[in-house]
There are 2 protein chains.
Amino acid sequence: MPRLDARKRDILRAVIQTYVDTAEPVGSEVLAHRARLGVSAATIRNEMAALEEMGLLAQPHTSAGRIPTDRGYRVYVDSMLEEEQLPAGQRHWVRRRLAAALAERERVPQEVARALATLTPYASVVSHPHPRRLVFRHLHFVPLEATRVLAVIVTDAGVLQARTLDLQEPMDPDGLERLSRMVSQRFQGHPLGEITDTLLQQVVDEVAWQHRVVKLLADRILRRLPAASRRIHIEGTANILAQPEFRDARTARPVLRALEQEEVVAGLLEDASDRPVWIAIGSEHRVEALRGCSVVVAAYRVGGRPAGALGIVGPTRMPYGRVVALVRYLADSVSQALAEAR
Amino acid sequence: MPRLDARKRDILRAVIQTYVDTAEPVGSEVLAHRARLGVSAATIRNEMAALEEMGLLAQPHTSAGRIPTDRGYRVYVDSMLEEEQLPAGQRHWVRRRLAAALAERERVPQEVARALATLTPYASVVSHPHPRRLVFRHLHFVPLEATRVLAVIVTDAGVLQARTLDLQEPMDPDGLERLSRMVSQRFQGHPLGEITDTLLQQVVDEVAWQHRVVKLLADRILRRLPAASRRIHIEGTANILAQPEFRDARTARPVLRALEQEEVVAGLLEDASDRPVWIAIGSEHRVEALRGCSVVVAAYRVGGRPAGALGIVGPTRMPYGRVVALVRYLADSVSQALAEAR
DNA sequence: GTTAGCACTCTTGAACAAAGAGTGCTAATG
DNA sequence: CATTAGCACTCTTTGTTCAAGAGTGCTAAC
């Protein structure tokens with residue numbers, strides 16, 4: 001098995017960069033002209049054969065040029081990625097959009113998703129901050145009618161949940177008010193993730209004077225927080241249809257179907273939740289339907305800890321340098337934006 | 001110009017029904033066998049030629065069968081639609097899903113959209129109840145910190161809006177409480193649409209003791225209600241890729257792009273807001289990008305008045321009888337569901 | 001008015017050839 | 001001994017031709 005020496009790397013890089021541009025298998029001749037490699041097409045041919053033997057390139061058919069394999073992209077991404085600078089114009093444009101959305105913090109993720117779908121020809125995926133990582137600010141129970149109460153949870157990222165609840169039994173407004181204050185004071189400043197069942201139980205015990213209703217509220221509102229986490233924005237799925245690899249609707253459909261299912265995308269984003277930038281090429285992620293696609297996702301932070309993720313889904317043939325730079329920049333911007341204003 | 005006599009109508013109907021099934025131009029021979037029309041292929045040919053002259057059928061090319069034109073579908077829909085009964089199984093399934101979603105009323109539209117996208121191979125579009133038609137229940141300002149207040153509007157369809165607002169100046173909690181009560185009492189039971197600027201002005205004048213803040217709140221919250229109306233759910237857009245007319249991604253893309261833009265879909269749904277079932281075939285609606293698509297939308301009602309709309313977007317070649325039945329049934333079910341529980 | 005018959009048109013698919021792109025191998029080269 | 005020119009070979013792509021098939025419109029007979 002041949003070694004990946006410097007010239008092979010140069011050729012692999014050139015093949016990938018050319019293929020990303022043209023979406024056509026690249027041959028030795030083309031490469032010899034396009035890239036200044038200083039060797040003849042014949043040499044390139046030999047090297048390409050070696051790269052194919054190593055599993056980094058592939059031939060669609062005998063007399064075609066080479067295209068990168070998933071492993072080829074992986075080597076490229078791992079060891080020769082030239083992360084590009086985002087043009088200043090795009091940076092400013094992103095910043096402005098973010099600043100505008102910040103007036104209602106809940107809207108930031110959607111705005112980011114739209115920005116990503118505008119700046120790339122791919123689908124964008126953005127998760128809201130995970131509730132466990134949000135910092136609890138207030139819980140308010142507002143009496144509406146005798147047996148109806150409005151429950152609102154406010155965190156450092158804005159209103160997390162606002163729901164009306166039907167209670168089995170009437171509850172007096174003062175009790176609700178006291179309950180609101182109690183819970184709010186007890187948990188203010190804590191990440192929601194820290195509000196465990198045992199802690200909740202303590203409070204429930206303390207306010208035993210209205211045991212049943214408190215229990216109900218605790219159950220319906222706080223215990224369900226993890227489930228409420230599944231808030232996700234997906235934009236630009238139609239972009240994918242513009243990619244030559246998905247010109248046929250039959251190949252595009254499973255991809256768009258997968259992107260329509262929020263659980264699926266949520267899973268993808270969760271897998272990325274810790275890493276600064278996660279690049280999953282082709283079959284490196286768990287979603288069967290997105291086999292031919294790459295995912296580039298970065299976590300953004302709230303209060304110094306990973307809170308949510310954002311990124312794009314597109315064909316494996318993509319300019320990783322540019323995409324990574326963009327995704328990283330957006331993650332940083334969101335982290336910053338959500339940290340600054342509160 | 002020939003008249004549309006009984007036999008022509010039979011043939012038009014047969015052509016449409018066959019074409020809906022097969023997605024292939026239908027010829028006289030096929031029709032003579034498939035439909036029991038009691039006349040020969042030659043006669044059918046003559047009639048088809050007449051129907052073409054009348055602009056109800058068209059030929060993709062000289063030696064192909066006929067396909068319906070938009071106007072052909074229109075005649076069919078207007079005068080020979082056989083609205084089908086929804087199978088009992090589907091009816092129950094829909095009811096169950098709706099009942100489950102009703103625990104949180106805000107979720108009903110999304111649930112309906114998913115149901116529609118499951119029951120049809122088309123994209124579904126559902127709007128939330130238009131705020132103007134919702135009945136005002138409560139407005140609550142909850143003080144969070146000195147210059148931060150949580151504003152919640154509750155209507156008969158649940159929480160309409162919950163936002164945190166930054167105020168320029170501190171505001172005492174009692175004032176907020178009184179303000180909440182005042183506005184709530186004043187407008188309780190009124191549709192939001194009746195809460196005009198002049199009425200608002202009155203209240204603002206009454207509570208002049210906190211003039212500036214009230215004004216701010218009125219502006220930021222109540223005046224913006226129409227804009228907040230744009231809440232829409234779209235599901236199953238990938239379904240469209242399964243339709244033979246959109247097998248090519250280049251024809252499908254503009255359609256999916258349009259369906260991604262909430263303003264566009266909102267416009268469509270608004271156009272339907274009054275009619276019990278609105279059928280727009282091909283070019284009968286305003287959305288350029290959806291030229292080859294039909295829209296079947298029905299308004300649902302809250303409190304006896306049209307409040308929102310739901311329906312599907314698919315190729316003009318669709319089984320209108322079945323689709324109309326389904327959409328109508330769902331609209332009725334939603335109206336009922338939103339009326340019953342409150 | 002209806003229909004059988006038929007010539008005509010146009011698409012579709014297959015078969016085939018020529019062109020083009022690209023490879024792998026071999027032998028010559030510095 | 002790595003490099004490269006040359007070349008035969010392979011496979012796709014494209015265009016052409018041809019026959020088959022589907023469907024029509026017209027005409028003439030019923």
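Listing for the model above:
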quantity: Test for residue A:107: is it surrounded by fewer than 16 Cβ atoms within 10 Å (Cβ to Cβ), under 16 Å from the mean Cα position of the chain (by Cα) and over 19 Å from residue A:21 (Cβ atoms); calculated: yes
quantity: So residue B:51, is it buried (at least 16 other Cβ atoms within 10 Å of the Cβ) and either within 7 Å of DNA strand D (Cβ to nearest atom) or under 29 Å from residue B:120 (Cα atoms) (or both); calculated: no
quantity: Selection from the stretch B:18-42 of residues that are in contact (Cβ under 8 Å) with a residue 24 or more places away in the chain, in a helix (DSSP H, G or I) and more than 7 Å from DNA strand D (Cβ to nearest atom); calculated: B:19, B:20
quantity: Options A:13, A:96, A:91; residue that is over 30 Å from residue A:334 (Cα atoms) and more than 14 Å from DNA strand C (Cβ to nearest atom); calculated: A:13
quantity: Residue list for the stretch A:1-17, restricted to those being within 13 Å of DNA strand D (Cβ to nearest atom) and not β-branched (Val, Ile, Thr); calculated: A:2, A:3, A:5, A:6, A:7, A:8, A:10
quantity: Strands (runs of 3 or more DSSP E) contained entirely in the stretch A:248-342, each with at least 3 residues that are under 21 Å from residue B:235 (Cα atoms) and in contact with a strand residue (DSSP E or B) (Cβ under 9 Å, 6 or more places away or on another chain); calculated: A:305-315
quantity: Residue count, the stretch A:226-280 (criterion: facing another protein chain (nearest Cβ under 8 Å), surrounded by fewer than 22 Cβ atoms within 10 Å (Cβ to Cβ) and aliphatic (A, V, I, L, M)); calculated: 1
quantity: Subset tally (residues that are more than 9 Å from DNA strand C (Cβ to nearest atom) and not charged (D, E, K, R)) for the stretch B:38-69; calculated: 14
quantity: Residue tally, condition facing chain A (nearest Cβ under 10 Å), of a type in the set (A, V, I, L, M) and farther than 22 Å from residue B:236 by Cα, over the stretch B:88-141; calculated: 1
quantity: Any chance residue A:115 is among the small types (Gly, Ala, Ser) and over 22 Å from residue A:263 (Cβ atoms); calculated: yes
quantity: Complete set of residues in the stretch A:54-78 that are within 15 Å of DNA strand D (Cβ to nearest atom) and under 21 Å from residue A:281 (Cα atoms); calculated: A:58, A:59, A:60, A:66, A:67
quantity: Residue in the stretch A:178-185 that is modelled with pLDDT under 95 and within 30 Å of residue A:324 (Cα to Cα) present; calculated: no
quantity: Selection count, the stretch B:234-247, where residues are part of a helix (DSSP H, G or I) and either at pLDDT 95 or above or hydrophobic (A, V, I, L, M, F, W, C) (or both); calculated: 7
quantity: Hey, residue B:60 in a loop (DSSP other than H, G, I, E, B) and within 14 Å of another protein chain (Cβ to nearest Cβ) or not; calculated: no
quantity: Filtered residue count, the stretch A:142-154, keeping only those that are under 33 Å from the mean Cα position of the chain (by Cα) and either more than 9 Å from every other protein chain (Cβ to nearest Cβ) or of a type outside the set (A, V, I, L, M, F, W, C) (or both); calculated: 2
quantity: Residue among B:112, B:77 that alone is crowded, with 22+ Cβ neighbours inside 10 Å and of a type in the set (Val, Ile, Thr); calculated: B:112
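The values are calculated or read from the model by the stated rules, or taken from the named source; none is laboratory data. Every value quoted in this text rests on a predicted model; they were computed, and no experiment measured them. Because the Cβ atoms are built from the backbone with ideal geometry, glycine has one as well, and the counts that use them run over all protein chains shown.
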